[in-house]
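Asks: Pasting in a structure now, in C-alpha cells, and then I'll have a few things to ask.
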Amino acid sequence: MSVINAKPAEVWFIVGSQHLYGPEALRQVDEHAKEVAAALDSSDAVPAKVKWLPVLTGPDEIRKTILAANADPNCVGLVAWMHTFSPAKMWIGGLTALDKPLLHLHTQYGAALPWSTIDMDFMNLHQSAHGGREFGHICARLNVPRKVVVGHWQNADVQAQVGAWTRAAMARADLRSAKIARIGDNMREVAVTEGDKVSAQIALGVSVNGYGLGDVVKFVNEASDAEIDKLCGVYDDAYELAAELRSGGAKHESLREAARIEIGLRAFLQDGGFVGFTDTFENLHGLRQLPGLPTQRLMADGYGFGAEGDWKAAALTRAAKVMADGLPGGTSFMEDYTYDMAGDPMQCLGAHMLEICPTIAAGRPSCEVHPLGIGGKEDPVRLVFDAPAGPAVNVTIVDLGHRFRMVLNEVEVAAPPEPLPKLPVARAVWQPLPDLATAAAGWIYAGGSHHPTFSQALSTEHFEDFAEMIDCELVVIDGDTRLRNLRRELRQDNAAF
Ligand code: MN
C-alpha cells in the first residue's frame, strides 16, 4: 500500500497588478487569472490542486498572501503571473518573507495578437511582456530561488513544465517533515555514505536518527503465524515463486522468515512515522536474513531506502518516489555495479546485493532464495528481474563537508544482450549519456556516490526544479556533456557555493 502523498497538495496561483488600471481592468485580470488557474488545475500534467487567489495590487496584501502561503501546510508552492504591470517594489516585502517554492509563469491571456483590432485598451490589459520583466528583475535582485516558465498557458509543454515543478515542490514539502530511520549505522570505513545529518536537516528538512537492531527485532518477533501465512499468499499471487519456496518446499521456512521480517520492519516504520530507512549487512543482530524481499516491497510502497547506512540515498529515493507518484515507470535505489567495457557502446550493469525496487521490473518478478556470500546470515529471499529498455536518470546527493552536491546522469536502459541465468539479483543495464567514458569520468570528478537513485519515471527537469528549491548544486551529465566543460563547471561551482 502506497505511503505517499497522504496530505492534499495545493499550489497557490497569484496574479500581480496595480490600482492604476481601475476596477474594470482589475475585474478582467481576476477573471482571466481564474481561467488560467482552472486550466492548470484540470491539467493531467499538474498533480496538485491549483488554487486561484484574488488579484494582488499592493505591498500589504502581497506580503499577507505570501505569509499565509508560508503558514499553510497544504500549500507546496506559488505560481505567480504578471498579467499587467505590477511595480515590483511592492513585491519586496512579500518575496523577502517567501519560504515556499516559486514558479514565475510568464504567459499571456490570449495566445494570438488581434492584429486588426488591437487598440490601447488591449495594450493596457495584456502587459505580461513587460510586467513579467519587472517581476523577474526584483526576483533576480533578491536572489529568490524560482523556475521561470515561458509560453501560452494552454500549451501542453507549458503545463508539463508547471507539472514537473509541482512534483518537485511536493517532494520538497514531504522532505521538510520526513523522518529516516538509520538502522544499525554505517558500513564500516565507507566514506560516501557518511555525512552531516545536522546540515542535512537544516538544508533539506529531513531528520535522520539512529536505531538499534533490537528496536526492529521487537516488531519482527511480534509477527503472528496468521499474518505470515497471509503475506506468503500475497507473495505467491504477485511473484513467480521458486518451487523450493512454496508451501511444502525445502526452503519454505526462508520465505516465512522474509515475511516475518517484512511485517516487523513495516510495523517499526509505521510506529515511528518513518518514510525511509537504511540498514547494513554488517549489523543485523537478531535478524536471520538481510532484508531483501522486505526492503524491495517497502520501496515499492514508497519508502526511501539506502543500503549500508546510506541515509542520503534513502532521503533522495524517498523524494524521487514522491515526485514520481502516479507517473509511468519505476524508481529504485541502485548501485553502479559492473561494466561491459568490451561492448559497443560500453555499458553499466546496475544492481545491488538484493535491494532493487520491483517498480522497475519489466515483467513479473521471480522470487528466489540464494546465499549472499557476505554478512554471515541465512540465505535471503529476493525478487529477481530486469528493468525495461528506455530513458532513465541516475541521481545522487553527496556531502562535500561544507555543502551538498547533487549529481545526475541521463542514461539509456537497454535489454541485457544475453540472458543472465546465473545472476540471482534484480538488475538494469544502461548506456550512460553521452558515453560511459565521459559519464563515469564526470561522475567521479564530481565525487558522486556509487548509490544513485535510478528512475524511469522522472527526468532531469524534475531534479533541476528540486535542486533549485533546496538550494543545492546540481551537476548534470547528459548527451551534451564535454568533460573539459564539466571540470570547469565544477571549479566554478566550488567558487560560487
Ligand atoms: Mn551498496
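Asks: Leaving out ligands and nucleic acids, and using a 1.4 Å probe, what accessible area per residue does the chain come to in Å²? The partial results should precede the final answer.
Replies: Working: 20830 Å² over 497 residues.
Computed with neighbouring chains in place, this is 42 Å² per residue.
Asks: Taking square-rooted eigenvalues a ≥ b ≥ c of the alpha carbon gyration tensor, is region 300-344 rounded, prolate or oblate, where a/c under 1.5 means rounded and, failing that, a/b exceeding b/c means prolate?
Replies: oblate
Asks: Ignoring ligands and nucleic acids, what accessible area does V395 show with a 1.4 Å probe (Å², nearest 10)?
Replies: V395 exposes around 0 Å² with every protein chain in place.
Asks: Among 171-181, 136-146, 262-272, 247-257, how do they line up from the highest to the lowest mean number of other beta-carbon atoms within 10 Å?
Replies: Packing order, densest peptide first, comes out as 171-181, 262-272, 247-257, 136-146.
Asks: If each DSSP helix of 4+ residues adds -39,500 (n - 2.57) and the sum is divided by the residues in the chain, what number results at 222 nm, nearest 500 deg cm²/dmol?
Replies: About -12000 deg cm²/dmol.
Asks: For the chain, what is the per residue volume of the convex hull drawn over the alpha-carbon atoms, in cubic angstrom?
Replies: Convex hull of Cα atoms, per residue: 160 Å³.
Asks: If you don't mind, there's one more thing I want to ask. Indicate the gyration tensor shape class of region 20-102 (rounded, prolate or oblate), computed on the Cα atoms with a ≥ b ≥ c the square roots of the eigenvalues: a/c under 1.5 is rounded; otherwise a/b larger than b/c is prolate and the rest oblate.
Replies: Oblate is the answer for region 20-102, as a/c is 1.5 or above yet b/c matches or exceeds a/b.
Asks: Kindly state, as a whole number, the per residue volume in cubic angstrom of the convex hull around the alpha carbon atoms of region 8-60.
Replies: Normalising the Cα hull of region 8-60 by residue number yields 71 Å³.
Asks: Could you let me know the centre-to-centre spacing of region 451-497 and region 307-370, using Cα atoms, in angstrom?
Replies: Cα centroid to Cα centroid, the span is 20 Å.
Asks: Let me ask something additional. Label point 7 Å out from D229 along Cα-to-Cβ: which residues of region 242-256 have amide N under 16 Å?
Replies: From region 242-256, the list is 247-248, 253, 256.
Asks: Based on the mean of other Cβ atoms within 10 Å per residue, sort peptides 411-421, 429-439 so the most packed one is first.
Replies: Details: 411-421: 13.9, 429-439: 20.1.
For the peptides 411-421, 429-439, the packing ranking is 429-439, 411-421.
Asks: Once phi is turned into ³J(HN,Hα) by the Karplus curve 6.51 cos²θ - 1.76 cosθ + 1.60 with θ = phi - 60°, what whole-Hz value does each residue of region 305-318 show in order, with x for glycine and proline?
Replies: The phi angles translate into 9, x, 7, 6, x, 7, 6, 5, 5, 5, 5, 5, 5, 4 Hz.
Asks: Here is a further query. Of K147/K197; K7/K64; K51/K197; K251/K312; K34/K100, which ones are farther than 30 Å apart at the Cα?
Replies: Long pairs (Cα-Cα over 30 Å): K51/K197; K251/K312.
Asks: A further question on this structure: Compute, for region 212-251, the length of the dipole vector about the Cα centre, with Cβ point charges of +1 (Lys, Arg) and -1 (Asp, Glu) only. Units Debye, rounded to 20.
Replies: Magnitude of the dipole: close to 120 debye.
Asks: Leaving ligands, DNA and RNA out of it, report the carbon-plus-sulfur percent of the accessible area of the chain at a 1.4 Å probe.
Replies: Summing carbon and sulfur atoms, their accessible area is 52 percent of the total for the chain.
Asks: For the chain, give the magnitude of the charge dipole about the Cα centre (Cβ charges: +1 Lys/Arg, -1 Asp/Glu; no others), in debye to the nearest 20.
Replies: The calculated dipole for the chain is roughly 1020 debye.
The values are calculated or read from the model by the stated rules, or taken from the named source; none is laboratory data. Bear in mind that the values here come from a model prediction, so they are computed numbers and not experimental data. FYI the Cβ positions are ideal-geometry reconstructions off the backbone, even for glycines, and counts take in every protein chain you see. The protein model used for the area step is the full one, side chains on, heavy atoms only, and it has no ligands, DNA or RNA in it. Shrake-Rupley method; radii C 1.70, N 1.55, O 1.52, S 1.80 Å.
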